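All remarks here apply to the structure that follows.
The values are calculated or read from the model by the stated rules, or taken from the named source; none is laboratory data. These numbers were taken from a predicted model, which means no experiment stands behind them. When the accessible area is computed, the model is the full protein with side chains, heavy atoms only, and any ligands, DNA or RNA have been set aside. Shrake-Rupley method; radii C 1.70, N 1.55, O 1.52, S 1.80 Å.
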Amino acid sequence: LVVVVSSKKAKAQQALEIGDSIPQTLWDLKLQTVNHPEGKNSITLNEYKGKLIILDFWATWCGPCVSSLAKLNALQEEFPVELAVIPITYQ
């Protein structure tokens with residue numbers, strides 16, 4: 001399970017709507033990681049192009065968020081080639 005810590009350095013972006021394309025600046029944005037299986041300190045969404053990407057925004061104080069991490073991890077293990085689950089927190 002990889003946890004991405006959101007960056008305060010990111011510039012303000014216009015909100016995306018369902019069906020919108022992700023702007024190139026977000027594909028290239030370096031995201032700090034914790035507990036990456038390959039020991040990486042940062043990733044970009046560009047590394048996961050071609051996969052279904054699930055960005056899961058969560059917090060330690062959110063019980064339902066924490067309990068959903070196991071389910072998302074199981075999905076990632078079931079579909080390792082087709083799916084990238086990326087949990088994101090500011091903590």
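Could you count how many Lys pairs in the chain have their Cα atoms under 22 Å apart, skipping same-chain pairs fewer than 8 positions apart?
The result is 12.
Specify which labelled value, from (i) 2, 12, 16, 19, 18, 13, 8, 6, 4, 2, 0; (ii) 3, 12, 21, 27, 21, 13, 2; (iii) 3, 15, 26, 25, 18, 10, 2, 0, agrees with P(r) over Cα pairs in 5 Å bins from 0, in percent derived from the coordinates of the model shown.
From the options (i) 2, 12, 16, 19, 18, 13, 8, 6, 4, 2, 0; (ii) 3, 12, 21, 27, 21, 13, 2; (iii) 3, 15, 26, 25, 18, 10, 2, 0, the structure gives (ii).
In whole Hz and in residue order, list the ³J(HN,Hα) couplings for the range 47-64 that follow from phi through the Karplus curve 6.51 cos²θ - 1.76 cosθ + 1.60, θ = phi - 60°; x for Gly and Pro.
Each residue of the range 47-64 in turn: 5, 10, 4, x, 10, 6, 9, 10, 8, 10, 7, 9, 9, 5, 7, 9, x, x Hz.
Could you give the distance between the Cα centres of the range 68-91 and the range 21-38, to the whole Å?
Comparing the Cα centres of the range 68-91 and the range 21-38, I get a distance of 15 Å.
What are the ³J(HN,Hα) couplings of the range 68-85, residue after residue, when phi is run through the Karplus curve with 6.51, -1.76, 1.60 and θ = phi - 60°? Round to Hz, x for glycine and proline.
With the stated coefficients, the range 68-85 comes to 6, 4, 5, 5, 5, 5, 5, 4, 4, 5, 6, 10, x, 8, 8, 10, 10, 8 Hz.
How much mean residue ellipticity at 222 nm does the chain get from its helices, if each DSSP H run of length 4 or more adds -39500 (n - 2.57) and you divide by all residues, to the nearest 500 deg cm²/dmol?
The helix contribution divided over the chain gives -7000 deg cm²/dmol.
Just the number, please: carbon plus sulfur as a percent of the accessible area of the chain, 1.4 Å probe, no ligands or DNA/RNA counted.
With neighbouring chains kept in place, the figure for the chain is 58 percent.
Just the number, please: percent antiparallel of the DSSP beta bridges in the chain, rounded to the nearest 5.
Percent antiparallel among DSSP bridges in the chain is about 40.
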